[in-house]
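What follows is a set of notes on a single structure, which appears directly below.
The values are calculated or read from the model by the stated rules, or taken from the named source; none is laboratory data. If you're wondering where the values come from, they're calculated on a predicted model, not measured in any experiment. Every residue, glycine among them, receives a Cβ derived from its backbone with ideal geometry; neighbour counts consider all protein chains shown. Keep in mind that these areas ignore ligands, DNA and RNA; they rest on the heavy atoms of the full protein, side chains included. Shrake-Rupley method; radii C 1.70, N 1.55, O 1.52, S 1.80 Å.
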Amino acid sequence: MTSSPLPPDPPQIPALDPDWLQWLEAEFGAPYFADLKRFLVTERARHTVYPRGGDILRAFQLTPFDAVRVVILGQDPYHGPGQAHGLCFSVPDGVPAPPSLQNILKEIQRDHGDFQPRNGDLSPWAAQGVLLLNTTLTVRAGEPASHAGQGWERFTDAAISALSRERSGIVFLLWGRHAQSKEALIDPDRHYVLKAPHPSPLSAHRGFLGCGHFRQANEILEAQGGVPINWTL
């Protein structure tokens with residue numbers, strides 16, 4: 001007698017805000033996500049991968065779906081030791097700010113005069129409703145963009161699309177060509193899009209420095225009756 005094949009194991013669903021899960025749960029069970037997980041297992045067996053596993057989805061954990069008021073899009077995590085912790089452009093307390101983050105802090109200083117940042121940890125922004133989302137959520141140590149094209153983009157596109165479709169009044173800050181390529185996912189009739197060059201030292205002088213995005217984002221939030229973001233750290 002031939003036994004029936006066992007049903008496949010259900011996909012493992014990370015501990016996320018229930019409202020994020022409502023829109024992303026199908027992604028965790030999709031074939032591309034299974035391929036992505038296999039890729040990550042192989043990568044971790046051969047290389048150092050950032051960030052650590054518990055921090056990969058940290059942006060979603062710190063900023064619930066219904067709490068998102070501003071979205072900042074990055075490309076992929078920092079690839080140096082101790083830098084990446086699941087929030088785009090951010091580093092843990094005690095880690096020196098990389099050049100792009102230094103320029104972000106300079107732009108805030110321009111808007112806030114005597115503001116002196118204590119560190120480069122942007123978690124306080126996430127707690128106020130700023131989704132700090134890289135479009136690729138992992139990277140091989142020392143090799144930027146090494147995990148691009150493996151499936152993360154499809155997952156984060158689903159997150160951006162869900163915000164665009166289900167929410168309104170969000171301010172999207174798109175810095176550089178990569179982030180601006182996601183503009184097609186955002187409904188301009190429901191949301192606000194502010195664009196500028198990337199804060200990298202290679203391009204910040206072309207218009208990121210002086211863009212006023214932090215001030216403008218707060219003006220938009222306040223015009224809707226919302227509380228402004230405290231950008232000072």
* Considering the stretch 46-79 alone, what residues qualify as being closer than 18 Å to VAL95 by Cβ and basic (Lys, Arg)? -> ARG52, ARG58
* **Only one of ALA196, ALA127 that is touching a strand residue (DSSP E or B) at 6+ places or on another chain (Cβ under 6 Å) and hydrophobic (A, V, I, L, M, F, W, C)** => ALA196
* **Residue among ASP157, ASP189 that alone is acidic (Asp, Glu) and either in contact (Cβ under 8 Å) with a residue 40 or more places away in the chain or in a loop (DSSP other than H, G, I, E, B) (or both)** => ASP189
* Asked: Across the stretch 206-226, which residue is farthest from VAL71 (Cα to Cα) among those that are open to solvent by 70 Å² or more (accessible area, probe 1.4 Å) and touching a residue at least 12 places away in the same chain (Cβ under 8 Å)?
  -> LEU209
* Asked: Which pairs have Cβ atoms under 7 Å, sit 6 or more apart or on different chains, and link a residue in the stretch 90-103 that is under 17 Å from ILE72 (Cα atoms) to one that is open to solvent by 30 Å² or more (accessible area, probe 1.4 Å) and of a type in the set (D, E, K, R)?
  -> SER90/ASP121; VAL91/ASP121
* Asked: Conditions: (1) over 30 Å from GLU166 (Cβ atoms); (2) under 17 Å from the mean Cα position of the chain (by Cα). ASP93 meets all but one. Number of the miss?
  -> (2)
* Structure fact -> Quick count over the stretch 105-138, residues being basic (Lys, Arg) and closer than 18 Å to GLY54 by Cβ, is 0
* Out of all the residues in the stretch 155-163, is one or more farther than 28 Å from LEU40 by Cα, open to solvent by 10 Å² or more (accessible area, probe 1.4 Å) and among the hydroxyl-bearing types (Ser, Thr, Tyr)? -> no
* **Among the candidates ARG58, ARG52, ARG38, ARG46, residue that is over 25 Å from LEU16 (Cα atoms) and modelled with pLDDT of 95 or more** => ARG46
* Which one of these does THR138 not meet: (1) touching a His at 6+ places or on another chain (Cβ under 6 Å); (2) polar (S, T, N, Q); (3) within 28 Å of ASP189 (Cβ to Cβ)? -> (3)
* For residues that are out of contact with any Gly (no Cβ under 7 Å at 6 or more places or on another chain) and over 12 Å from ALA217 (Cα atoms), tally how many sit in the stretch 180-197. => 11
* Residue tally, condition closer than 20 Å to TYR78 by Cβ and either small (Gly, Ala, Ser) or open to solvent by less than 40 Å² (accessible area, probe 1.4 Å) (or both), over the stretch 164-181 -> 5
* With the condition kept exactly as written, say whether any residue in the stretch 173-182 is farther than 29 Å from TYR32 by Cα, among the hydrophobic types (A, V, I, L, M, F, W, C), touching a residue at least 40 places away in the same chain (Cβ under 8 Å) and in a helix (DSSP H, G or I). => no
* Only one of these is at pLDDT 95 or above and in a strand (DSSP E or B): LEU194, LEU209. Name it. => LEU194
* Hey, THR63 hydroxyl-bearing (Ser, Thr, Tyr) and either within 21 Å of GLY207 (Cβ to Cβ) or under 11 Å from the mean Cα position of the chain (by Cα) (or both) or not -> yes
